[in-house]
1. By average Cβ neighbour count within 10 Å, what is the ranking of 707-718, 496-507, 144-155 from highest down?
2. What is the Å³ per residue value for the convex hull set by the Cα atoms of the range 714-810?
3. For the range 157-242, what value does the Rg/Rh ratio take when both radii are computed over Cα atoms and Rh is the Kirkwood radius, given to two decimals?
4. How far, in nm, would the chain grow between residue 834 and residue 893 when pulled straight, counting 0.36 nm per residue and subtracting the alpha carbon separation?
5. Pop a pseudo-label 7 angstrom from the Cα along the beta-carbon direction at both residue 358 and residue 98 and give the gap in nm to one decimal.
6. Treat the count of other C-beta atoms within 10 Å as a stand-in for reagent exposure and order 280, 474 from fewest to most.
7. Order of 763, 365, 805 from fewest to most other C-beta atoms within 10 Å?
8. Per residue, what volume in Å³ does the Cα convex hull of the range 266-338 take up?
């Protein structure tokens, strides 16, 4: 990013009257701001992540397919800063169910999650971030809430309606829960028990019988009002003589209370100055509530009206008078009313008014408060106004001494698309006012999507063509992803879906929840632009604080950009002193043994860089001092996982996740039955009911024995070693048959001159390694001596094999210490994305008898346009008839974004 080039092009003021002054290069404050923004951008480049999913909703048994786009800077170019992306699948209990590391190639990657049959239905989250993004906190991570339904093993479906009231000053909630089967037939006269938990505490429990409509009411009250509710109702219904179904229903609110806040434009209302005020009404469930009403003064004179708003947001204009107070009289959707005080107006200060409703220009006006004695406007002397986007300074203006007005007209082409922050600063650099606007320049990619015809038959081959051009109608080379779904099966909501525009240009820069962000990018018109401007008035931008920025106090950098997988650590004595020049060896035996060596530096630090390995691969790290002594301590820099905080999109949690998706549920059950019928798909085996009288634990289940755990000439378990003492070779010497030990090295009597191969938790060691293991840490020992057991090890098993499994070897720990100078480590490695399967009906090997019930017809994460801007994809339709929806998104080398939705018929 060339700051000087961008700044020279962006510093623009169109003067209106003699009171304005152009910014000069030698202006001290502007020069300092430019320098600090340049420094901030250089030291804290902002990465953003967007994931394009194949569809908006999923069911147990589905696969979630996604394409990742990682960009950097205000021009949204694909990032080369980080080369690794972290993606987590999180359940509604804020537990990470699965975590992936994907290698980024020029800021791009593709991946998938399989929703196993054993998973529970509910609200899940998918978050994505680079290690570098952790410095700014998880508020700027990609984080999407998805509903996952279940029709495979689910026999009971619920719908819950909450009713709220107050009893003796305490909020009371009545949850009316309806129980039905997949086809909507209610479960009548069925016993139900329930427990209610709010913010980690059980508040009530009860039981009852469903009525003739399958309903039961769970009633509970809480002692205090809380701003944020995290809770659930756990119910058990006995729906037939032998089966009980547990259903967990989210609780998002404890009342129908609406919070109304007022946001004067740029932060202030001034007496005697006509100005704009925005308002935002939010329900207890976090969603916007449309209100109406009017504003009165303290003599109850009606001043202006509050019109119905968009997602609970709206604006009104009025001129407050000195000495008067103002109130808002609000009518809520349920007919109730409330009176709310407006913020007090000031006599002194400024209003930063921005008109952003023209397509080509932004109008900026600074209005000062009036002098109380003379009624004249206060001076604007020494004020500076600047506008920045992503740290790029795009506008700067300074008033002349004695000026009482300030206006400017700025061409929108001088701003990048996205959020622009205008700030008014005093002569000392103190921020006085702030105003956000959103720039929607016509700089998006023009994506032309076409097919040979508009109507096809089931299972007919379809070719979709894509042509990509930039705003100047020139073809572009870009990377795109495409999903084709059957809208008869998958319910879609264009406004409610995320998109590459709404994520990279809007939500990735704002803290807090934004309702239906893609609304502002769907069918863009004067109304959506006006509503987007209201959003800017009510939402804060805090990538940095001006005071800290100008004072050169930047957020400390804790997390480095990941360029490759690496294993690092420190060598120390057991007294805590560094061990310089220690020899460190990294060993892995998966897929053939490899060994890497390095030497620790003067501080005892060692690093193995540029590693490439798959997920969950286990390594052994062994170290010795420069004098070949092994009595030292290895401390690995085991990166702490990113904690899971509160879901910033918690209002998107669906209480009734099955609402509106009955077609999808029915189809999901048909898909499962069809796959079971033909023996395809990766499904859990469903067995008939059995009674288990006793469960015998297999002590060898974690064994790395290639013959299978326990298949050996002799086996020992931990209980066989409890009476031993001393080193492990001494303990085993008296317990192993036909094995002799010389200087701690085991030999089989069948090959008395060849040491036995020692394998610990799947890692191969030299035979003298045994005494590095504490006997109490051993879970099992397997002796392989005869040719039938050693043949699978080839030449390594020529002298026999000792397979040792430690008590920690098969556990969940990724970092185990066996002995001084030795640790094992199973770090998170790269996930290898699967390939989307789509049947090819022109191939005779395809099973044509099996019903094709796909909801995702095709997924293509790696479409690349050529120099003419063209590419295409071909696939076969499924059996479903109706409308098929094609969603294509992507980006070119200049950071221009594109999205196009295309539909065709299958009849």
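Rule-based calculations on the coordinates, nothing more; no lab input. This structure is a prediction, so every number in the text was calculated from the model and none was measured. Positions of Cβ are backbone-derived with ideal geometry, glycine not excepted, and every protein chain shown enters the neighbour counts.
1. Details: 707-718: 16.9, 496-507: 21.8, 144-155: 19.7.
Descending packing order for the listed peptides: 496-507, 144-155, 707-718.
2. Details: hull volume 8.6 nm³, N = 97.
Measuring per residue, one finds 88 Å³ for the Cα hull of the range 714-810.
3. Details: Rg = 13.9 Å, Rh = 13.8 Å.
Ratio of gyration radius to Kirkwood radius for the range 157-242: 1.01.
4. On the way: separation 59, 0.36 × 59 = 21.24 nm, distance 2.62 nm.
So the extension gain works out to 18.6 nm.
5. 5.3 nm
6. Values: 280 22, 474 9.
Exposure proxy ranking, most exposed first: 474, 280.
7. On the way: 763 23, 365 14, 805 26.
By the 10 Å Cβ count, ascending: 365, 763, 805.
8. Taking only Cα atoms, the range 266-338 has a hull volume of 98 Å³ per residue.
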